1. Assign one of three labels to segment 233-312, namely rounded, prolate or oblate, based on the Cα gyration tensor with a ≥ b ≥ c the square roots of its eigenvalues; rounded applies when a/c is under 1.5, prolate when it is not and a/b is larger than b/c, and oblate otherwise.
2. Using the Cα gyration tensor of segment 171-312, with a ≥ b ≥ c the square roots of its eigenvalues, what is the shape: rounded (a/c below 1.5), prolate (a/b larger than b/c) or oblate (neither)?
3. Springs between alpha-carbon pairs under 10 angstrom, Gaussian network model over the chain: which of Thr101, Thr263, Thr214 fluctuates most?
4. Can you compute the FRET efficiency between Ile224 and Leu48 using 1/(1 + (r/R0)^6), with r the Cβ-Cβ distance and R0 = 51 Å? Round to the nearest 0.05.
5. Once neighbouring chains are kept in place and the probe is 1.4 Å, which whole percent of the accessible area of the chain is contributed by carbon and sulfur?
6. Report, ordered by chain and residue number, the aspartates and glutamates lying within cross-link reach of Lys233, taken as a straight Cα distance under 15 Å and ignoring same-chain residues fewer than 8 apart.
7. Under a Cβ-Cβ cut-off of 15 Å, what is the net charge of the residues other than Phe89 that fall near it, where Lys and Arg count +1 and Asp and Glu count -1?
8. Dipole of the chain, Cα-centred, from +1 at each Lys and Arg C-beta and -1 at each Asp and Glu C-beta, to the nearest 20 debye?
Amino acid sequence: MATFNLTLSGTSTFILLGIPGLEADHIWISIPFFIFYIISLLGNVTILFVVGKEQTLHKPMYLLLCMLALTDIGMSTSMMPKALCIFWFNLKRITVRGCLTQMFFLHAASAMHSAVLVTMAFDRYVAICNPLRYANIVTNTQIAKLGLVGLIRAVLFILPLALLLSRLPFCAKHIISHTYCEHIAVANISCGDITVNRMYGLIIGFVVIGLDLTLSALSYCLIIRAVLRISSKKAHQKALNTCTAHICVMLTSYPPSLFSILTHQFGQGIAPQVHIILANLYFVIPPMLNPIIYGAKTKEFCDKVGKYTCRM
């Protein structure tokens, strides 16, 4: 980030307004966001702690769960502390480098989150369609390699967003009507041509989410086909139960993500207050729900959490 040419932008700081029109209610709005953030941190740190401590949980499935927890922490922590500073202390200034750094980590964590969900879909596909070969195909090493590929993809796709923004001129207008440095929100205050920024942001959003959703849908089509070939209803139920947690996590992640991308690009008719609140919820609600979903649906993990809870 240090190589960005920021001296030509015409400003060294931006001002994040928070939620325009609701400044008087910032304190009240901050309460649920703070609660959601704390719950998400506690839940995801618990996952990392329990899986790290328990040798019996050092399996591909739980390695994926740890990767999901890390991306959830990255998503919420990249945005929420600054938003709370705006809500509580009216600290609205952010440096250009700080803004670009926040934008990079927010979007990179989101892209990585999507990559982890696809890898989880692949894990479920192998577990149900090739159960006898599962231990040979899905290993901790293979999962780590897929995680590294997802991380590299996120960096390669998101870094150009920050580079493109760093080349834009920012003249007299330094005010961002948002609680965090979202790509299009920052680009919109530039006095230069942002056509390339808009097109690249839209393409990346649909390439990442579109590709990942397609691969996940393909995995589940193959899973359903395999399940329908099983004659036992009990086996049907058992196979589908192994996918329930992952499907729930996908439903809490992808629809809000698609809505956020589309409203940032084409949401001129949506009230900015609604837009900003929903965009903020996307970065705290899925990270808060994911540990709860997996804790409720994964008996082995739930039992281990219960063991540590009883010790306290």
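The values are calculated or read from the model by the stated rules, or taken from the named source; none is laboratory data. Computed from a prediction, not measured in an experiment: that's the story for all the values here. Here the Cβ positions follow ideal geometry from the backbone for every residue, glycine too, while neighbour counts run over all protein chains shown. Just the protein is used for accessible areas: all its heavy atoms, side chains included, with ligands, DNA and RNA removed. Shrake-Rupley method; radii C 1.70, N 1.55, O 1.52, S 1.80 Å.
1. On the way: a/c = 5.70, a/b = 1.84, b/c = 3.10.
Oblate shape, in that a/c is at least 1.5 and b/c is the bigger or equal ratio.
2. Details: a/c = 3.67, a/b = 1.80, b/c = 2.04.
Oblate, since a/c reaches 1.5 and b/c is not below a/b.
3. For the chain, modelled as a Gaussian network with Cα springs under 10 Å, the answer is Thr214.
4. Working: r = 32 Å, r/R0 = 0.64.
Using R0 = 51 Å, I get an efficiency of 0.95.
5. Details: 10750 of 15190 Å².
Roughly 71 percent, rounded to a whole number.
6. Straight-distance partners of Lys233: none at all.
7. Summing Lys and Arg as +1 and Asp and Glu as -1 gives +2.
8. Values: 23 positive and 10 negative charges, 191 e Å.
I would put it at about 920 debye.
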